[in-house]
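The values are calculated or read from the model by the stated rules, or taken from the named source; none is laboratory data. Since this is a predicted model, take the numbers as computed values, not measurements. Note that each Cβ is placed from the backbone with ideal geometry, even for glycine, and that neighbours are counted across all protein chains shown. Please note that ligands, DNA and RNA were not included when accessible areas were found on the heavy atoms of the full protein model with its side chains. Shrake-Rupley method; radii C 1.70, N 1.55, O 1.52, S 1.80 Å.
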Amino acid sequence: MITALAAVGCSASEEPGREPAAPDVRPLSGVIAFSHIDSVRLHDRQERAVATCMTARGQKYTVQPANTSARGAETNPYGLLTPERAAADGYGIVGEYLHLRSTPPPTNKPRTKAWQQALTGTAEHRVTLQLPGGTNVQYSMDGCIAGAAAEVYGPEWNTLEPLTMNLANRVLATVEEEPAYRKAVRRWSACMTRSGHPAADLQAARVPLNARLHAAAKNEEKLRALGRDEIETANADARCQADTGLAEAVADVQRKVERRLLTAENKETVARYRLAKERALNAVAE
């Protein structure tokens with residue numbers, strides 16, 4: 001049985017005289033990103049709050065363990081990749097499959113209507129938040145899930161989180177449409193073609209690897225082969241990103257986009273989100 005992607009690839013090592021690490025570019029200075037350990041701590045606290053709320057309403061609820069891997073926190077939203085990450089885990093395709101294969105599924109299933117309403121709330125207390133771009137987010141203020149989020153992160157969280165996530169997504173989408181970004185990606189793409197791994201954009205190199213996963217999952221030898229190919233492709237990807245200065249180019253484009261896109265109200269929303277996040281993190285660290 002394969003127990004880690006390291007079984008099919010090689011691990012990274014530091015090299016003397018190595019160039020400084022490229023910036024980990026994320027929208028809004030990475031404010032919506034959480035480290036894996038922080039995500040687990042906050043998840044656990046929120047689950048305990050949900051369980052307490054459900055018990056108070058006469059409903060049984062089993063606290064669910066955090067089942068996400070560290071890749072959720074480490075994966076760059078633009079697809080930027082460091083040599084260390086590429087050598088150790090590739091794109092995380094096989095590694096994430098192995099993680100999910102070893103993770104038990106959630107044990108709670110909706111039971112009665114009363115149980116579901118206690119958990120997610122009722123229509124009478126439903127709030128609809130309209131986000132820029134026409135997307136609507138709905139939640140019920142009387143549900144234990146919304147109540148637990150407010151308890152852990154503060155009373156504004158159920159509004160602040162979708163607003164800030166929407167802002168981050170708008171920044172990312174705008175950056176990817178900028179001519180300077182596309183020019184930088186074309187330089188990287190030319191490098192990938194020369195390396196024998198042609199890819200038109202930062203997600204394209206992963207597509208054929210993902211397409212092989214379903215069949216490879218049925219055969220350990222095929223899964224190992226996929227892991228080796230994933231590491232090889234990701235190594236080439238990371239080298240091309242470093243050689244073409246892609247991360248630095250994306251950082252420059254993102255700075256200009258955020259300067260142009262974000263209003264004073266947007267910045268205030270992000271600041272309130274950051275404060276709520278910091279307070280929640282300080283509470284779980286105590």
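Using R0 = 22 Å, the C-beta based FRET efficiency linking T103 and N210 works out to 0.70. Extension gain for R111 to D252 (0.36 nm times residue separation, less C-alpha to C-alpha distance): 45.7 nm.
What is the percent carbon and sulfur in the accessible area of the chain, measuring with a 1.4 Å probe over the protein chains and ignoring ligands?
On the way: 8500 of 15800 Å².
Ligands and nucleic acids excluded, carbon and sulfur give 54 percent.
Distance between the 7 Å Cα→Cβ label points at R48 and K183: 5.3 nm.
Take the alpha carbon gyration tensor of the chain, find the square roots of its eigenvalues, order them as a ≥ b ≥ c, and report rounded if a/c is under 1.5; if not, report prolate when a/b exceeds b/c, else oblate. Note, shape of the chain comes out oblate.
Label separation (T193 vs R279): 5.3 nm, computed from points 7 Å beyond Cα along the C-beta direction.
Ranking P162, G121, C191 by Cα position along the charge dipole of segment 110-241, where only Lys, Arg, Asp and Glu carry charges on their C-beta atoms, puts C191 farthest toward the positive end. In the context of the full set of protein chains, residues of segment 154-202 present 51 Å² of accessible surface per residue (probe radius 1.4 Å, heavy atoms only). Net charge of the neighbourhood of A238, taken over other residues with C-beta under 9 Å away and scored Lys/Arg +1, Asp/Glu -1, is 0.
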